[in-house]
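Worksheet for the structure shown next.
The values are calculated or read from the model by the stated rules, or taken from the named source; none is laboratory data. These figures come from a predicted structure and were not determined experimentally. SASA here: full protein model, heavy atoms, side chains in, ligands and nucleic acids out. Shrake-Rupley method; radii C 1.70, N 1.55, O 1.52, S 1.80 Å.
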Amino acid sequence: MTTATFPNPIQAFQRLNQPSGVMQLGAITRALVLLSGVTMTALCVFAIVRALLGLTGDLPHLTNAAVMFHVTTVIPCVPLGLYLLLARKGDAMHKALGKLWIALMVMTATSTLFIHEGMALSWIHIFVPLTYRASWIIVSSARKGDIKRHKAEIVSLFLTALMIPGIFAIALPGRLMNVMLMG
(Lines give C-alpha, C1' and ligand atoms only; values in the text may rest on other atoms or scores of the structure.)
Protein backbone atom coordinates (compact mmCIF):
# COMPACT_ATOMS: atom_id res chain seq x y z
CA MET A 1 0.00 0.00 0.00
CA THR A 2 1.32 3.45 -0.86
CA THR A 3 1.07 6.37 1.45
CA ALA A 4 0.17 9.83 0.37
CA THR A 5 3.00 12.31 0.65
CA PHE A 6 2.45 15.98 0.81
CA PRO A 7 5.05 18.28 -0.72
CA ASN A 8 6.89 20.67 1.48
CA PRO A 9 5.19 24.07 0.90
CA ILE A 10 8.54 25.87 0.98
CA GLN A 11 9.91 23.62 -1.77
CA ALA A 12 6.75 24.19 -3.81
CA PHE A 13 7.24 27.95 -3.51
CA GLN A 14 10.91 27.70 -4.45
CA ARG A 15 10.03 25.70 -7.58
CA LEU A 16 7.74 28.52 -8.66
CA ASN A 17 10.73 30.77 -9.16
CA GLN A 18 13.07 28.21 -10.70
CA PRO A 19 13.11 28.36 -14.48
CA SER A 20 12.54 25.17 -16.38
CA GLY A 21 14.84 26.48 -19.11
CA VAL A 22 18.27 28.03 -18.82
CA MET A 23 17.14 31.66 -18.68
CA GLN A 24 18.23 32.72 -15.21
CA LEU A 25 19.06 36.34 -14.63
CA GLY A 26 22.34 37.25 -12.99
CA ALA A 27 22.21 38.87 -9.56
CA ILE A 28 22.84 42.43 -10.79
CA THR A 29 20.40 42.16 -13.71
CA ARG A 30 17.79 40.58 -11.46
CA ALA A 31 18.21 43.38 -8.89
CA LEU A 32 17.98 46.07 -11.60
CA VAL A 33 14.86 44.49 -13.12
CA LEU A 34 13.29 44.06 -9.70
CA LEU A 35 14.10 47.58 -8.50
CA SER A 36 13.00 49.32 -11.69
CA GLY A 37 9.92 47.16 -12.21
CA VAL A 38 8.63 47.40 -8.64
CA THR A 39 9.32 51.15 -8.48
CA MET A 40 7.63 51.86 -11.81
CA THR A 41 4.65 49.64 -10.95
CA ALA A 42 4.24 51.39 -7.59
CA LEU A 43 4.43 54.83 -9.23
CA CYS A 44 1.85 53.83 -11.84
CA VAL A 45 -0.54 52.49 -9.19
CA PHE A 46 -0.05 55.62 -7.07
CA ALA A 47 -0.70 57.88 -10.08
CA ILE A 48 -3.86 55.99 -11.03
CA VAL A 49 -5.16 56.09 -7.45
CA ARG A 50 -4.48 59.84 -7.25
CA ALA A 51 -6.34 60.38 -10.53
CA LEU A 52 -9.30 58.22 -9.46
CA LEU A 53 -9.57 60.13 -6.18
CA GLY A 54 -9.58 63.44 -8.06
CA LEU A 55 -6.29 64.62 -6.54
CA THR A 56 -4.61 65.47 -9.85
CA GLY A 57 -6.51 68.46 -11.12
CA ASP A 58 -7.33 68.74 -14.80
CA LEU A 59 -6.19 65.90 -17.10
CA PRO A 60 -6.72 67.18 -20.67
CA HIS A 61 -4.45 64.39 -21.95
CA LEU A 62 -7.29 61.94 -21.45
CA THR A 63 -9.36 63.54 -24.21
CA ASN A 64 -6.85 62.22 -26.76
CA ALA A 65 -7.84 58.67 -27.83
CA ALA A 66 -4.24 57.79 -28.75
CA VAL A 67 -3.02 58.79 -25.27
CA MET A 68 -5.78 56.73 -23.66
CA PHE A 69 -4.91 53.71 -25.81
CA HIS A 70 -1.20 54.18 -25.10
CA VAL A 71 -1.74 54.35 -21.33
CA THR A 72 -4.09 51.34 -21.44
CA THR A 73 -1.49 49.20 -23.21
CA VAL A 74 1.68 50.40 -21.46
CA ILE A 75 0.55 50.23 -17.81
CA PRO A 76 0.11 46.42 -17.77
CA CYS A 77 3.46 45.98 -19.54
CA VAL A 78 5.38 47.00 -16.43
CA PRO A 79 4.14 44.44 -13.88
CA LEU A 80 3.64 41.77 -16.56
CA GLY A 81 7.19 42.22 -17.85
CA LEU A 82 8.51 42.12 -14.30
CA TYR A 83 6.63 38.90 -13.61
CA LEU A 84 7.83 37.27 -16.83
CA LEU A 85 11.46 38.12 -16.09
CA LEU A 86 11.35 36.81 -12.52
CA ALA A 87 8.97 33.83 -12.66
CA ARG A 88 9.35 30.29 -14.00
CA LYS A 89 10.31 30.12 -17.68
CA GLY A 90 9.42 27.83 -20.53
CA ASP A 91 6.01 26.55 -19.46
CA ALA A 92 2.69 27.22 -21.21
CA MET A 93 1.85 30.14 -18.88
CA HIS A 94 5.18 31.85 -19.61
CA LYS A 95 4.67 31.45 -23.35
CA ALA A 96 1.08 32.75 -23.30
CA LEU A 97 1.90 35.74 -21.08
CA GLY A 98 5.03 36.43 -23.14
CA LYS A 99 2.94 36.64 -26.31
CA LEU A 100 0.56 39.02 -24.55
CA TRP A 101 3.46 41.17 -23.33
CA ILE A 102 4.99 41.41 -26.80
CA ALA A 103 1.60 42.30 -28.32
CA LEU A 104 1.08 45.02 -25.69
CA MET A 105 4.60 46.40 -26.27
CA VAL A 106 4.08 46.58 -30.04
CA MET A 107 0.65 48.23 -29.61
CA THR A 108 2.14 50.68 -27.10
CA ALA A 109 4.99 51.60 -29.46
CA THR A 110 2.63 52.01 -32.41
CA SER A 111 0.19 54.17 -30.46
CA THR A 112 2.93 56.73 -29.72
CA LEU A 113 3.02 57.58 -33.42
CA PHE A 114 -0.54 58.92 -33.22
CA ILE A 115 -0.37 60.92 -29.99
CA HIS A 116 0.67 64.23 -31.59
CA GLU A 117 -1.17 65.82 -34.50
CA GLY A 118 0.53 65.31 -37.83
CA MET A 119 2.61 62.48 -36.37
CA ALA A 120 5.11 64.96 -34.93
CA LEU A 121 7.96 62.85 -33.61
CA SER A 122 10.56 63.57 -30.95
CA TRP A 123 13.70 61.84 -29.68
CA ILE A 124 11.64 59.48 -27.52
CA HIS A 125 10.15 57.90 -30.64
CA ILE A 126 13.50 56.16 -31.22
CA PHE A 127 12.04 53.44 -28.99
CA VAL A 128 9.38 52.60 -31.61
CA PRO A 129 11.70 50.92 -34.14
CA LEU A 130 13.78 49.51 -31.27
CA THR A 131 10.62 47.88 -29.86
CA TYR A 132 9.68 46.47 -33.27
CA ARG A 133 13.18 45.08 -33.77
CA ALA A 134 13.45 43.62 -30.28
CA SER A 135 9.96 42.09 -30.50
CA TRP A 136 10.86 40.34 -33.74
CA ILE A 137 14.12 39.02 -32.28
CA ILE A 138 12.43 37.91 -29.04
CA VAL A 139 9.89 35.82 -30.92
CA SER A 140 12.28 34.44 -33.54
CA SER A 141 15.01 33.56 -31.04
CA ALA A 142 12.51 31.76 -28.80
CA ARG A 143 11.24 29.75 -31.77
CA LYS A 144 14.81 28.84 -32.73
CA GLY A 145 15.64 27.85 -29.15
CA ASP A 146 18.26 30.60 -28.83
CA ILE A 147 17.43 31.34 -25.20
CA LYS A 148 20.55 33.44 -24.60
CA ARG A 149 19.55 35.94 -27.31
CA HIS A 150 15.88 35.75 -26.25
CA LYS A 151 16.89 36.68 -22.69
CA ALA A 152 19.19 39.52 -23.74
CA GLU A 153 16.55 41.13 -25.94
CA ILE A 154 13.79 40.87 -23.34
CA VAL A 155 15.89 42.38 -20.58
CA SER A 156 17.04 45.11 -22.95
CA LEU A 157 13.50 45.89 -24.12
CA PHE A 158 12.19 45.97 -20.56
CA LEU A 159 14.93 48.26 -19.24
CA THR A 160 15.18 50.58 -22.24
CA ALA A 161 11.93 50.87 -24.20
CA LEU A 162 9.76 50.54 -21.09
CA MET A 163 11.73 52.07 -18.21
CA ILE A 164 13.48 55.00 -19.93
CA PRO A 165 10.31 56.52 -21.46
CA GLY A 166 8.53 55.79 -18.17
CA ILE A 167 11.12 57.77 -16.24
CA PHE A 168 10.77 60.71 -18.64
CA ALA A 169 6.96 60.47 -18.51
CA ILE A 170 7.22 60.94 -14.75
CA ALA A 171 10.03 63.52 -14.72
CA LEU A 172 8.99 65.88 -17.53
CA PRO A 173 6.46 68.55 -16.47
CA GLY A 174 3.21 68.46 -18.37
CA ARG A 175 3.37 64.76 -19.25
CA LEU A 176 0.35 62.74 -18.12
CA MET A 177 2.22 60.63 -15.54
CA ASN A 178 3.92 63.77 -14.18
CA VAL A 179 0.57 65.52 -13.78
CA MET A 180 -1.02 62.45 -12.22
CA LEU A 181 1.83 62.03 -9.71
CA MET A 182 2.76 65.61 -8.91
CA GLY A 183 -0.19 67.71 -10.07
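Remark: segment 27-39, residue by residue, has Karplus-estimated 3J(HN,Hα) of 4, 5, 4, 4, 5, 5, 4, 5, 4, 5, x, 5, 4 Hz, where x stands for each Gly or Pro and the curve is 6.51 cos²θ - 1.76 cosθ + 1.60 at θ = phi - 60°. Against the main long axis of the alpha-carbon atoms of the chain, helix 147-157 sits at an angle near 30°. The aspartates and glutamates within cross-link reach of Lys99, meaning a Cα-to-Cα straight distance under 16 Å and a gap of 8 or more places when in the same chain, are Asp91, Glu153. Counting only protein heavy atoms and a probe of 1.4 Å, the accessible surface of the chain is 71% carbon and sulfur.
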